[in-house]
Each structure stands twice: as C-alpha cells, then as structure tokens.
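Q: I have a structure I would like to understand better, so I am pasting it below and will then ask my questions one at a time.
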Amino acid sequence: MPRGQWSKKRERQYEHIKEGAKERGESEDVAEEIAARTVNKERARHGEAKESSKLSREDMSSGRRGGLRSHKGAGGRTYDQLYEEAKDRNIHGRSKMNKSELLKALGRR
C-alpha cells in the first residue's frame, strides 16, 4: 500500500473508508482494497496522482456514485464502464445500446 505518498487528509480518508467497510462486514483485506482504490481515484480526480486512467479522472466521484446506488443494491458496473469495455473489444453498434444490451453483448448476466 503506497501510504507514504498520500497526504494526511488522504490517510484519514483511507482509514475512514476502511473502518466503514469493516463495519459492513468486509474482511480486512477487502476493506483495505476498497479504501485504497477509493482514495487513489479521488487523488486522480483532484490531480494529486502522477498517473491515472481517463475513467478515474472523468467518472463521477465515488461518494456521488455511492449515494446514487445506496438504495438500489449492487448495480454492477456503470454504463460508461461497460461502453469502454465494448469499445476495447470493438463491439459494433455499441453507441446505440443501453446498459442491458451492453451487458448482453459483452456476455454478462
């Protein structure tokens, strides 16, 4: 875990997210991974990371996504994530597909 590279604020954020995940019943390893991924994504969105993916920079924030999904249960991957995978796999007609059609074309669900 690259904790030496994080600011004090990101360290606190990491611990807060990790504790929340553990309270929800996640194992120590899973809680650490969730926390690290969330903090790294926030660092990317705020220009604090040396390297980051386009999706990390442009996707909605982790907090916003969690708020939108909090009452719906696990919604799986976002439309944008599915679209990017379809683009990488060169699936034709992807721009006219909705989320369920993308899932079907990608062989999911």
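The values are calculated or read from the model by the stated rules, or taken from the named source; none is laboratory data. Since the structure is predicted, the reported quantities are computational estimates derived from the model, not experimental observations. All Cβ positions, glycine included, derive from the backbone under ideal geometry; neighbour counts span all protein chains shown. For the accessible areas, the whole protein counts, side chains as well, though only heavy atoms, and no ligand, DNA or RNA atoms are used. Shrake-Rupley method; radii C 1.70, N 1.55, O 1.52, S 1.80 Å.
Q: Please determine, by comparing only the residues of region 1-35 that are surrounded by fewer than 16 Cβ atoms within 10 Å (Cβ to Cβ) and within 19 Å of ARG77 (Cβ to Cβ), which one is farthest from the chain's Cα centre (by Cα).
A: Here the answer is VAL30.
Q: Of the numbered conditions (1) loosely packed, with under 13 Cβ neighbours inside 10 Å; (2) among the hydroxyl-bearing types (Ser, Thr, Tyr); (3) modelled with pLDDT of 85 or more, THR38 fails exactly one; give the number of that condition.
A: Among (1) loosely packed, with under 13 Cβ neighbours inside 10 Å; (2) among the hydroxyl-bearing types (Ser, Thr, Tyr); (3) modelled with pLDDT of 85 or more, the lone unmet condition for THR38 is (1).
Q: Any idea which of LEU82, LEU102 is at pLDDT 90 or above, in contact with a Leu (Cβ under 6 Å, 6 or more places away or on another chain), open to solvent by less than 70 Å² (accessible area, probe 1.4 Å) and farther than 26 Å from HIS46 by Cα?
A: LEU102
Q: Could you say whether any residue in region 59-76 is modelled with pLDDT of 90 or more and either open to solvent by less than 70 Å² (accessible area, probe 1.4 Å) or among the hydrophobic types (A, V, I, L, M, F, W, C) (or both)?
A: no
Q: Under 6 Å between Cβ atoms, which residue pairs at least 6 apart in sequence (or on different chains) link something in region 81-103 that is under 20 Å from GLU58 (Cα atoms) with a partner that is exposed (fewer than 11 other Cβ atoms within 10 Å of the Cβ) and among the hydroxyl-bearing types (Ser, Thr, Tyr)?
A: Note: no pairs meet the criteria.
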